Amino acid sequence: MSDKKNAYDFASGSTVATEIEKTQINKFHTKGGTGFAAEEANALNDRFLGRNVDQVGTGNKLNGADRIVDGVLIQTKYFDSAKATINAAFDDKGIYRYSGQLLEVPGDQYDDCLKLMREKIEAGKVPGIQNPDKAEMIVKKGDITYKQAKNIAKAGNIDSLVFDMKGQCVTSSYAFAISFSINFAKMKWDGKSTEEAISDSVSMALQSGSASFVTGIVTSQILRTKTAAVGVVFMRDGVKAVAQTEIGKSVVARVAQASLGKTVYGAAATNHVAKLLRTNVVTSVVTTVVISGPDFYRAAFSGSISWAQFAKNLTVNGAGVAGGAGGWIAGAAGGAAIGSAIPLVGTTVGGVVGGILGALAGGTAASAASKYIMDGLIEDDAKEMIRLLPDYLQPLATDYMLSEPETRELARILKDKVDAPFLRDMYQSSSRRAFVYNSFEPACEEIISKRPKISLPKPSRVQTLLAKIEKQIIMRWISTSCAIGALIITILVCAMMVLA
């Protein structure tokens, strides 16, 4: 017993996983996690301000910038004191090693860092700059404090939750757009009108956006834990085994390219795909829980579905999401390969499109297979309610003496009214028979209101008709009596002849 199926559910987990893996969240639990968290938080704030941000620091180039914002190179340093922060920007000989780059420092250390940078300039430790007042042209005040960066690197606190919420706002907007497009196309193919397709698709897109938002936050919090890091180790062993063959190596490289939007090979591709698979597992579990939340409420609190139905829906949802994750991996690899061969498409676009199509195909197949199996084990609450409807409707038909055409009209009303919410309300009702009777009694009243008015005949006409009927009955009685009498006489005569 479910509402309209949201096709995007199958691709949701993988889409969230891909966006999360574009960040450095996997490094948050490491020794330098505070610095990586600061990089991500400040970069996110730049994006929210509409700036063009390129996080080039993920390439780990020696003394290279962490990000480029509107053409300006920025190096981020976050340590527990202003002295440690500034010293981290100087090499073993005490020389500033980020020439041409702004040094971004914790917001709460900015004034102290300016003072220390002036001292470094006066000591001749900053090549090309002699005026201490130019320290302000080198040191940039970060958008967050050291404590905030430290909190963002950890799970279960306000700062990390706010950061994740801001990040997922962007991902959720993608989810809304993709979900709307997928569901609109599907409904048009199903023969729905444009107006109906738009209305339903917007509703589903809003659901997708909110589900993606929650899934992304929960997953991001989980990935900050050391347990999640252990999961990467197990995944990496599996990916390495696949990459032993040329075909496997190519698939791993294609998946990494589709996810990152750039070409990577070897260990870099293996590590990224291992993290991506780990994250897909987490997002798949979280997505299944999130989209099954309404069913849990219906089973646990409103009582509008059975626990057996909840278990069945949970299994089908889980199979669909897992199938979608597997389909995304296969589709992304295939799409990236095709895209790389078509200049106008490219690896990134090919990977994204291939991933979504693969997720839809894989999720649909897995969901259908799971439902087929579960249907053989557990009857849907909806099917049970529909099976009971004829018996519950019979008293209405009898009480209102519905004719055959009127019964057909009631059936048309049933078709429009009996949907998932109605069946859930029926299941939840303490008296299902009374619920059905009360639900359709107004319809029956409307139906019989259309009957033509009947006027009783005049008494004289009835008397005349009764006299006629009486005469007919008497004549038939006389005729029947004569026939019976003749038969009796005939039998008696025959008997006498035999005795004689």
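The values are calculated or read from the model by the stated rules, or taken from the named source; none is laboratory data. Since this is a predicted model, take the numbers as computed values, not measurements. Here the Cβ positions follow ideal geometry from the backbone for every residue, glycine too, while neighbour counts run over all protein chains shown.
Of all residues in the stretch 172-193, those that are among the β-branched types (V, I, T) have Cβ atoms under 7 Å from Cβ atoms of residues that are in a loop (DSSP other than H, G, I, E, B), 6 or more apart or on another chain, in I178/Y8; I182/A7; I182/Y8.
Applying the set (1) of a type in the set (S, T, N, Q); (2) over 30 Å from P405 (Cα atoms); (3) modelled with pLDDT under 80 to Q472 leaves exactly one unmet item: (3). The sole residue among S220, S203, S208 that is at negative phi, under 14 Å from the mean Cα position of the chain (by Cα) and in contact (Cβ under 8 Å) with a residue 24 or more places away in the chain is S208.
Has the stretch 265-273 got any residue that is polar (S, T, N, Q) and in contact (Cβ under 8 Å) with a residue 60 or more places away in the chain? Within the stretch 265-273, none of the residues are polar (S, T, N, Q) and in contact (Cβ under 8 Å) with a residue 60 or more places away in the chain. Can you find, within the stretch 246-279, the residue that is farthest from A7 (Cα to Cα) among those that are in contact with an Asp or Glu (Cβ under 9 Å, 6 or more places away or on another chain) and not small (G, A, S)? Filtering the stretch 246-279 for residues that are in contact with an Asp or Glu (Cβ under 9 Å, 6 or more places away or on another chain) and not small (G, A, S), the one farthest from A7 (Cα to Cα) comes out as H272.
One line per residue, one yes/no per condition, for (1) assigned by TED's automatic domain parsing to the domain that holds M187; (2) surrounded by fewer than 20 Cβ atoms within 10 Å (Cβ to Cβ); (3) under 20 Å from Y174 (Cα atoms):
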residue	(1), (2), (3)
G209	yes, no, yes
I222	yes, yes, no
V230	yes, yes, no
M235	yes, no, no
Q244	yes, yes, no
Y265	yes, yes, no
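Residues of the stretch 62-78 that are closer than 16 Å to N42 by Cα, surrounded by fewer than 21 Cβ atoms within 10 Å (Cβ to Cβ) and either touching a Lys or Arg at 6+ places or on another chain (Cβ under 7 Å) or in contact (Cβ under 8 Å) with a residue 60 or more places away in the chain (or both): D70 alone. Would a scan of the stretch 192-203 turn up a residue that is more than 21 Å from V289 (Cα to Cα), acidic (D, E) and loosely packed, with under 15 Cβ neighbours inside 10 Å? Yes, some residue in the stretch 192-203 is more than 21 Å from V289 (Cα to Cα), acidic (D, E) and loosely packed, with under 15 Cβ neighbours inside 10 Å. Screening F10 on (1) out of contact with any Ser or Thr (no Cβ under 7 Å at 6 or more places or on another chain); (2) part of a helix (DSSP H, G or I) shows it passes everything except condition (1). If we keep just the residues of the stretch 79-127 that are over 19 Å from K141 (Cβ atoms) and among the acidic types (D, E), which is surrounded by the fewest Cβ atoms within 10 Å (Cβ to Cβ)? So the residue we want is D92.
Return a yes/no flag: does the stretch 330-343 have any residue that is at pLDDT 65 or above, touching a Leu at 6+ places or on another chain (Cβ under 7 Å) and surrounded by 24 or more Cβ atoms within 10 Å (Cβ to Cβ). Yes; the residues of the stretch 330-343 include at least one that is at pLDDT 65 or above, touching a Leu at 6+ places or on another chain (Cβ under 7 Å) and surrounded by 24 or more Cβ atoms within 10 Å (Cβ to Cβ).
Among the candidates E19, E40, single out the residue that is farther than 20 Å from Q257 by Cβ and either in contact with a Phe, Trp or Tyr (Cβ under 8 Å, 6 or more places away or on another chain) or free of Cβ contacts under 8 Å to residues at least 60 places away in the same chain (or both).
On the way: E19 fails: farther than 20 Å from Q257 by Cβ.
The conditions single out E40.
One line per residue, one yes/no per condition, for (1) at pLDDT 85 or above; (2) in a helix (DSSP H, G or I); (3) surrounded by 10 or more Cβ atoms within 10 Å (Cβ to Cβ); (4) in contact with a helix residue (DSSP H, G or I) (Cβ under 8 Å, 6 or more places away or on another chain):
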| residue | (1), (2), (3), (4) |
| --- | --- |
| L410 | yes, yes, yes, yes |
| I413 | yes, yes, yes, yes |
| A434 | yes, yes, yes, no |
| E441 | yes, yes, yes, yes |
| S455 | no, no, no, no |
| Q463 | no, yes, yes, no |
| R476 | no, yes, yes, no |
| C482 | no, yes, yes, no |
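Which residues, counting only those in the stretch 443-453, are hydrophobic (A, V, I, L, M, F, W, C) and surrounded by fewer than 15 Cβ atoms within 10 Å (Cβ to Cβ)? I448, the sole residue that qualifies. I'd like the residue in the stretch 18-63 that is of a type in the set (D, E, K, R), at pLDDT below 90 and assigned to a loop (DSSP other than H, G, I, E, B) and, out of all such residues, is nearest to the chain's Cα centre (by Cα). My answer is E21.
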